[in-house]
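J.: Mind looking over this structure? Questions follow.
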Amino acid sequence: MNAPHIGRMIAAAVALSIGLPAAAGWAQGAGTAASISLSGAGATFPAPLYKKWIDVYQAAHRNVSMSYSAVGSGEGIKRFIAETVDFAASDENLTEKDAAKVEAGAATVPATAGMIVLAYNIPGVSEIRLPRDVYADIFGGVIRRWDDPRIQAANVGVRLPSRDIAIVARLDSSGTTAAFTRNLAAVDPSWRSRGLGVGKLVAWPSRTMLAPGNEGVAARIKISEGAIGYVEYGFAKRLGLPMAALQNKSGQFVAPSESAAQLALSARVVEAKQLEPSVVDPAAVGAYPIVSYSWLFLYRHYPDPARAAAVRDFVAWGLAEGQQYGVELGYVPLSADVVALSRQILDTVAK
Amino acid sequence: MSSHPFALAASPDAVSQAPGGGEYLVDRAFRSLAIAAACILIVLVAYIVWKIGGQALPAIGKYHVDFLVSTTWNVQEQKFGILPGIWGTLYSSLLALLIGGFFGLTVAIFLTQGFLHKRLAFVFRLICEMLAAIPSVVFGLWGIFVVIPTIRPAANWLNETLGFIPFFSTSLSGPGLLPAAIVLAIMVLPTVAAISQDALSAVPYRTKEAAFGMGATRWEVILKVMVPTAAGGIFSAMVLGFGRALGETMALAMLIGNSNQVTLSLFAPAETLAALLASHFPEAGPAEVEALMYAALVLLAITLLVNIAGIGLLTLTQRRISGKA
């Protein structure tokens with residue numbers, strides 16, 4: 001389905017053509033300091049949160065106009081390296097190799113965290129439990145039918161249909177895919193050796209349906225009976241899709257919830273580069289097994305100090321006041337430790 | 001004026017007059033304009049092929065024929081293959097032509113062979129042609145919200161009871177080959193119906209009268225005289241319909257399911273070349289763009305070949321009907 005893509009492009013074009021002149025006109029009319037417009041692009045996973053931040057922040061800071069296009073983490077990183085944006089977002093931290101390509105220097109700030117849920121569409125089934133090896137084998141293409149004995153064994157009393165499982169995965173280069181496949185590889189030691197891959201774009205079993213963006217995957221699940229796919233929690237919640245309770249490292253079946261995600265993110269970290277490995281397969285009791293941090297990428301040096309100040313102020317605001325807006329949208333506020341770490345990284349952006 | 005070659009041939013008060021200098025000029029200008037337009041058309045087609053071919057050249061050098069027979073599309077490992085795309089394009093278009101062709105021809109017979117009052121037939125024809133004006137994206141949405149839920153129970157029943165037949169070997173979850181083919185069939189229907197109607201109307205009335213005069217029944221006249229006589233035109237209607245189905249993008253991108261597999265099952269998600277191009281172009285890197293250009297070239301080649309083959313067969317059948325060797 002390409003419609004969301006085109007929709008996004010049109011929205012971006014409209015935002016550009018309407019937003020900029022309007023902002024300029026306002027600045028002239030008010031006769032205050034010149035207005036600054038910032039543009040960002042990247043992950044679809046945190047997009048609803050960043051859009052909320054932008055709305056609230058803009059209302060309080062009339063001289064800044066911002067836009068964020070949700071184009072997927074891979075495309076966000078590409079635009080960040082090409083320096084066509086003021087900031088980018090990704091659910092996977094920038095690799096050192098990519099960071100070296102950024103001439104202005106990269107500061108990667110953990111900005112929020114969230115759950116990746118397995119949303120499904122089976123008429124009449126609103127609760128399902130998936131053991132670790134089972135969900136890995138569903139996405140590995142080993143388990144092909146819903147009435148497979150291994151799924152049935154974990155769901156005694158649930159009438160599972162005798163239908164094929166339709167897997168839905170991401171078409172575009174995605175940090176959500178990266179976080180999910182990291183978890184699959186940790187859960188199933190044979191994942192990598194079977195050639196299924198870990199990363200932003202992987203070779204899913206050939207019958208997998210591919211859709212662009214978290215919203216594309218959620219919409220595809222919504223219209224396909226017997227489908228299962230991985231999306232950020234909020235996207236599944238907005239479409240009313242049921243989500244599977246997954247078995248975590250310590251053996252419990254955990255349905256996605258804010259408290260379970262907080263447990264998953266509770267591992268203590270001292271350095272930013274430990275963040276990602278710390279949440280791949282959380283060991284805490286009661287922790288939801290698939291969580292991910294989401295990052296904002298800033299440049300260390302901006303040509304215009306006013307622009308640098310605006311980006312820094314926005315991100316600092318997001319790390320402080322912004323966190324509370326995450327809860328209602330299904331994200332997990334960062335712990336005080338991580339926020340301190342993020343602020344440290346934010347301080348490396350030159351004033 | 002007196003030097004004009006036809007000046008003396010016509011009397012000044014006759015209805016038809018010898019062409020004046022201005023008319024000659026207009027005639028010349030129009031003739032050269034027409035020739036120029038025709039040339040530009042040929043140059044344009046050649047330019048498109050050359051340009052796409054040029055951009056695809058690096059990929060052709062890298063992947064050779066493997067590209068056409070391999071089934072993976074893996075950007076990270078730079079392995080590209082479009083067999084699922086070629087298969088899905090041909091399979092969905094053939095299915096669409098089968099359904100759309102049958103109904104298109106039936107509609108054409110119904111509207112031209114005196115089943116309806118002329119005025120009513122005209123209204124029907126108009127409505128049928130209005131189908132062609134519906135935007136592709138609307139067809140796509142209609143497919144998702146109407147066609148899929150409607151055919152899903154029947155498809156899943158077929159899968160449960162006749163699942164051993166390869167065509168029904170998977171259950172239909174949502175987007176897939178059959179919903180795509182059904183919507184595609186409706187999209188090619190106006191093309192097929194309109195051209196078939198023209199072909200049937202072009203058969204001289206005397207032919208029909210002669211057949212009736214020999215004591216043939218209405219159905220004998222239609223099936224044994226009218227349709228075979230108009231076969232050339234009907235066939236070209238089918239080819240044009242097929243060409244339309246091959247290149248259709250938006251509705252298919254929404255309905256085919258974007259799944260990179262080669263399957264006989266009517267209910268499985270699949271991929272077409274046009275849908276592949278539409279969904280991968282927005283964020284393709286340089287290597288993927290080359291591969292996509294190669295895929296575009298293949299799609300172009302398939303559509304050109306189908307049209308050339310269609311026109312060739314059309315002339316062949318027409319010669320046979322008209323009796324000229």
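J.: Could you grab me the full set of residues in region B:72-89 that are more than 11 Å from chain A (Cβ to nearest Cβ), open to solvent by 40 Å² or more (accessible area, probe 1.4 Å) and of a type outside the set (A, V, I, L, M, F, W, C)?
T.: Residue satisfying the conditions is B:Gln78 alone.
J.: Please give the number of the condition B:Trp87 fails out of (1) within 18 Å of the chain's Cα centre (by Cα); (2) farther than 30 Å from B:Pro286 by Cβ.
T.: Only one criterion is unmet by B:Trp87, namely (2).
Results for (1) acidic (Asp, Glu); (2) within 14 Å of chain A (Cβ to nearest Cβ); (3) farther than 30 Å from B:Gln261 by Cβ, shown as yes or no for each residue.
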position: B:Thr150; (1), (2), (3): no, yes, no
position: B:Ser173; (1), (2), (3): no, yes, no
position: B:Met187; (1), (2), (3): no, no, no
position: B:Ala194; (1), (2), (3): no, no, yes
position: B:Val227; (1), (2), (3): no, no, yes
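J.: Another one. Restricting to region B:159-179, give me the number of residues that are touching an Asp or Glu at 6+ places or on another chain (Cβ under 9 Å) and either crowded, with 23+ Cβ neighbours inside 10 Å or free of Cβ contacts under 8 Å to residues at least 40 places away in the same chain (or both).
T.: 5
J.: Run down B:Leu111, B:Leu98, B:Leu44, B:Leu57 and say which single residue is more than 14 Å from every other protein chain (Cβ to nearest Cβ), within 22 Å of the chain's Cα centre (by Cα) and within 30 Å of A:Ser206 (Cβ to Cβ).
T.: It is B:Leu98.
J.: Would you tally the residues in region A:41-76 being within 11 Å of chain B (Cβ to nearest Cβ) and either more than 17 Å from A:Tyr299 (Cα to Cα) or over 13 Å from the mean Cα position of the chain (by Cα) (or both)?
T.: Looking only at that region, the number is 4.
J.: In the set A:Ile143, A:Ile77, which member is open to solvent by less than 40 Å² (accessible area, probe 1.4 Å), touching an Asp or Glu at 6+ places or on another chain (Cβ under 7 Å) and without any contact (Cβ under 8 Å) to a residue 24 or more places away in the chain?
T.: Exactly one of A:Ile143, A:Ile77 is open to solvent by less than 40 Å² (accessible area, probe 1.4 Å), touching an Asp or Glu at 6+ places or on another chain (Cβ under 7 Å) and without any contact (Cβ under 8 Å) to a residue 24 or more places away in the chain, namely A:Ile143.
J.: Are any residues in region B:94-146 aromatic (Phe, Trp, Tyr), farther than 18 Å from B:Phe242 by Cα and either in contact (Cβ under 8 Å) with a residue 24 or more places away in the chain or in a helix (DSSP H, G or I) (or both), and if so, which ones?
T.: Hits for region B:94-146 are B:Phe110, B:Phe122, B:Phe124, B:Trp142, B:Phe145.
J.: Quick one: in region A:214-240, of everything that is among the charged types (D, E, K, R) and crowded, with 24+ Cβ neighbours inside 10 Å, which residue is farthest from the other protein chains (Cβ to nearest Cβ)?
T.: The selected residue is A:Glu232.
J.: Any residue in region B:188-207 that is free of Cβ contacts under 8 Å to residues at least 12 places away in the same chain and at positive phi?
T.: no
J.: Do we have A:Asp164 as crowded, with 21+ Cβ neighbours inside 10 Å, in contact (Cβ under 8 Å) with a residue 12 or more places away in the chain and more than 26 Å from A:Tyr293 (Cβ to Cβ) here?
T.: For A:Asp164, the condition - crowded, with 21+ Cβ neighbours inside 10 Å, in contact (Cβ under 8 Å) with a residue 12 or more places away in the chain and more than 26 Å from A:Tyr293 (Cβ to Cβ) - is met.
J.: Could you tell me how many of the residues in region A:179-208 are of a type outside the set (Gly, Ala, Ser) and without any contact (Cβ under 8 Å) to a residue 12 or more places away in the chain?
T.: 2
J.: So which strands (runs of 3 or more DSSP E) are wholly in region A:1-104 and hold at least 1 residues that are on the phi > 0 side of the Ramachandran plot and at pLDDT 90 or above?
T.: Fully inside region A:1-104 and qualifying: A:36-42.
J.: Out of curiosity, is A:Ala283 assigned by TED's automatic domain parsing to the domain that holds A:Phe180, open to solvent by less than 50 Å² (accessible area, probe 1.4 Å) and in contact (Cβ under 8 Å) with a residue 24 or more places away in the chain?
T.: no
J.: Which number in (1) open to solvent by 30 Å² or more (accessible area, probe 1.4 Å); (2) assigned to a helix (DSSP H, G or I); (3) not acidic (Asp, Glu) marks the one condition that A:Ala178 misses?
T.: (1)
J.: Which condition number in (1) more than 19 Å from A:Asp133 (Cα to Cα); (2) touching a helix residue (DSSP H, G or I) at 6+ places or on another chain (Cβ under 8 Å); (3) more than 8 Å from every other protein chain (Cβ to nearest Cβ) is the one that A:Asp172 fails?
T.: (3)
J.: Among the numbered criteria (1) more than 24 Å from A:Val71 (Cβ to Cβ); (2) part of a loop (DSSP other than H, G, I, E, B), which one does B:Ala301 miss?
T.: Of the numbered conditions (1) more than 24 Å from A:Val71 (Cβ to Cβ); (2) part of a loop (DSSP other than H, G, I, E, B), the odd one out for B:Ala301 is (2).
J.: Quick one: which residue in B:Glu271, B:Glu248 is charged (D, E, K, R), buried (at least 17 other Cβ atoms within 10 Å of the Cβ) and under 25 Å from B:Pro190 (Cβ atoms)?
T.: B:Glu248
J.: Does region B:47-54 contain any residue that is within 23 Å of B:Ala245 (Cβ to Cβ) and within 12 Å of chain A (Cβ to nearest Cβ)?
T.: The answer is no, given that none of the residues of region B:47-54 is within 23 Å of B:Ala245 (Cβ to Cβ) and within 12 Å of chain A (Cβ to nearest Cβ).
J.: Within the bounds of region A:253-265, is there any residue that is away from every other protein chain (no Cβ under 14 Å) and in a strand (DSSP E or B)?
T.: Yes, the conditions are met somewhere in region A:253-265.
J.: Moving on to the next point. Filtering region B:251-268 down to residues that are more than 9 Å from chain A (Cβ to nearest Cβ) and part of a loop (DSSP other than H, G, I, E, B), which residue is surrounded by the most Cβ atoms within 10 Å (Cβ to Cβ)?
T.: Residue satisfying both the conditions and the ranking: B:Ile256.
J.: Would you please name the residue that is surrounded by the most Cβ atoms within 10 Å (Cβ to Cβ), looking only at residues in region A:197-213 that are facing another protein chain (nearest Cβ under 7 Å) and farther than 25 Å from A:Ser69 by Cβ?
T.: This residue is A:Thr208.
J.: Right, another one. Considering only region A:253-264, state which residues are open to solvent by 60 Å² or more (accessible area, probe 1.4 Å) and over 17 Å from the mean Cα position of the chain (by Cα).
T.: Within region A:253-264, A:Phe253, A:Ser259, A:Leu263 meet the criteria.
J.: Now, a different point. Among the residues of region B:194-201, are any open to solvent by 10 Å² or more (accessible area, probe 1.4 Å) and over 18 Å from the mean Cα position of the chain (by Cα)?
T.: Scanning region B:194-201 turns up at least one residue that is open to solvent by 10 Å² or more (accessible area, probe 1.4 Å) and over 18 Å from the mean Cα position of the chain (by Cα).
J.: Can you name the condition, by its number, that A:Ser250 falls short on among (1) in a helix (DSSP H, G or I); (2) assigned by TED's automatic domain parsing to the domain that holds A:Phe139; (3) open to solvent by less than 60 Å² (accessible area, probe 1.4 Å)?
T.: A:Ser250 satisfies all of (1) in a helix (DSSP H, G or I); (2) assigned by TED's automatic domain parsing to the domain that holds A:Phe139; (3) open to solvent by less than 60 Å² (accessible area, probe 1.4 Å) except (1).
J.: Could you check region B:274-301 and list, in sequence order, the residues that are open to solvent by less than 10 Å² (accessible area, probe 1.4 Å) and within 13 Å of another protein chain (Cβ to nearest Cβ)?
T.: Result: B:Ala274, B:Ala275, B:Leu276, B:Ser279.
The values are calculated or read from the model by the stated rules, or taken from the named source; none is laboratory data. Only a predicted model underlies this, so the values are computations on that prediction, with no experimental measurement involved. As a convention, Cβ positions derive from the backbone with ideal geometry for all residues, glycine included, and neighbour counts pool all protein chains shown. Accessible surface is based on the protein model in full, side chains and every heavy atom, while ligands, DNA and RNA are left aside. Shrake-Rupley method; radii C 1.70, N 1.55, O 1.52, S 1.80 Å.
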